[in-house]
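The values are calculated or read from the model by the stated rules, or taken from the named source; none is laboratory data. Here the structure is a predicted model, which is why all the values come from computation and not from measurement. We place every Cβ from the backbone using ideal geometry, glycine too, and count neighbours over all the protein chains shown.
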Amino acid sequence: MKPDRTSLLLGAILAAVVLGGLALPQWTLFILTVAFAQGLVVLGLMLLQRAGLVSFGQALFYCIGAYTAGGLGRAFGTGDLFVQMAAGAAAAALVALMLGFLLARYRGIFFGLLSLALSMIFYGLIVKSEALGSTDGMNLVKSTLFGVRPDAGWVRYAMAVAAACVALGAALLTHRYLRTPLGRLGPAIKDNEIRVEYMGASVRYAIHVNYVIAATLAGAGGALAATTVGHIDPEMAYWTTSGEFVFIAILSGAGSVVAPFFGALVFGAIHTIAYDLSPNTWQMSMGAALLLAIVFLPDGLWSLFLRRKAA
């Protein structure tokens, strides 16, 4: 069986990062790595979005992943990127598994606000916790790959390649999941969940599974972002962070598992350029970009590629 176009595209992107990353400056590799981290979170949001749900509290799992990575470094001196991402993903999945029994009961604005409330509760706990650095957060140990720290000149490149391998691998697994019977239920639930129940499928179970998967991706993204930046703080769980992820999800669209990473990269580029040109009003540029996307590209930036394919 020949691989589909999405698999080929993911492989091409990975090859481009491995080969083209050698020619990119350090700051570009940093933005690229952060985009992979944010793209993982938005990839999970895309799963919920397909089922008609919007989470305004995905920063909860993003922050759990980051603090898990930081806790491993502080307690055991572990700085391996892959270990930290795996631990962050597992911790976020465990929390989501428990919270999912509650959230899977709700739909629409109730789901969104409840997820936001849970994130803000976690934010409040971290701010008051001296052991976690309170409002100052804490620094992470220096990152390694398989126990080896790359030379100073190769750190950003090695991090970007490792991030690309994990993020694009997760995108491939998500793409395969969306082609399973359970993964295909999302659009049907969004359209008419009562009909899905009559067909014999459990809507609550499907949403619970998607919620756990989305949290797992967010936890891995949080750990990756933490190791990339080298510092974590409670702002990672604040509602504005969740808002950024929703912003990227709207900007990118849900037409492909590649879209979240493309949208995150565009978001990072706009943010960097806008902040460099006008540090005090960069939010206006982000708002204008979102407004233009909603008006002219209601299905997100990825719809540009779908239109070209249709033509």
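Odds and ends about this structure:
- Look at (1) touching a Gly at 6+ places or on another chain (Cβ under 7 Å); (2) on the phi > 0 side of the Ramachandran plot and you find that residue 77 fails only one, number (1).
- Looking only at residues of the range 189-215 that are among the small types (Gly, Ala, Ser) and buried (at least 22 other Cβ atoms within 10 Å of the Cβ), we find that the one that is farthest from residue 38 (Cα to Cα) is 206.
- Residues being among the β-branched types (Val, Ile, Thr), part of a helix (DSSP H, G or I) and closer than 22 Å to residue 53 by Cα - total across the range 235-289: 5
- Test: residue in the range 166-180 that is among the charged types (D, E, K, R), in a loop (DSSP other than H, G, I, E, B), at pLDDT 90 or above and surrounded by fewer than 19 Cβ atoms within 10 Å (Cβ to Cβ): yes
- Residue list for the range 19-46, restricted to those being in a helix (DSSP H, G or I), hydrophobic (A, V, I, L, M, F, W, C) and touching a Leu at 6+ places or on another chain (Cβ under 8 Å): 31, 32, 35, 36, 37, 40, 41, 43
- Yes/no for residue 18 being under 16 Å from residue 228 (Cβ atoms) and surrounded by 13 or more Cβ atoms within 10 Å (Cβ to Cβ): no
- Residue 61 out of contact with any helix residue (DSSP H, G or I) (no Cβ under 8 Å at 6 or more places or on another chain), of a type in the set (Phe, Trp, Tyr) and either surrounded by fewer than 24 Cβ atoms within 10 Å (Cβ to Cβ) or in a helix (DSSP H, G or I) (or both): no
- Candidate set from the range 244-274 (those that are buried (at least 17 other Cβ atoms within 10 Å of the Cβ) and free of Cβ contacts under 8 Å to residues at least 24 places away in the same chain); member that is farthest from the chain's Cα centre (by Cα): 274
- Pairs, first touching a residue at least 24 places away in the same chain (Cβ under 8 Å) in the range 275-289, second surrounded by 12 or more Cβ atoms within 10 Å (Cβ to Cβ) and assigned to a helix (DSSP H, G or I), C-beta under 6 Å, six or more apart: 289/270
- Number of the condition not met by residue 68 [criteria: (1) surrounded by fewer than 22 Cβ atoms within 10 Å (Cβ to Cβ); (2) under 28 Å from residue 131 (Cα atoms); (3) at pLDDT 90 or above]: (1)
- Evaluation of residue 210 against (1) under 25 Å from residue 72 (Cβ atoms); (2) more than 13 Å from the chain's Cα centre (by Cα); (3) at pLDDT 90 or above (one fails), failing number: (1)
- Residue identified as surrounded by 15 or more Cβ atoms within 10 Å (Cβ to Cβ), closer than 30 Å to residue 193 by Cβ, at pLDDT below 95 and of a type in the set (A, V, I, L, M, F, W, C) among 132, 48, 24, 113: 48
- Out of 218, 226, one residue alone is crowded, with 16+ Cβ neighbours inside 10 Å, touching a strand residue (DSSP E or B) at 6+ places or on another chain (Cβ under 7 Å), assigned to a helix (DSSP H, G or I) and aliphatic (A, V, I, L, M). It is 226.
- For residue 185, the criteria (1) over 17 Å from the mean Cα position of the chain (by Cα); (2) surrounded by fewer than 20 Cβ atoms within 10 Å (Cβ to Cβ); (3) not polar (S, T, N, Q) hold in every case but one, which is (2).
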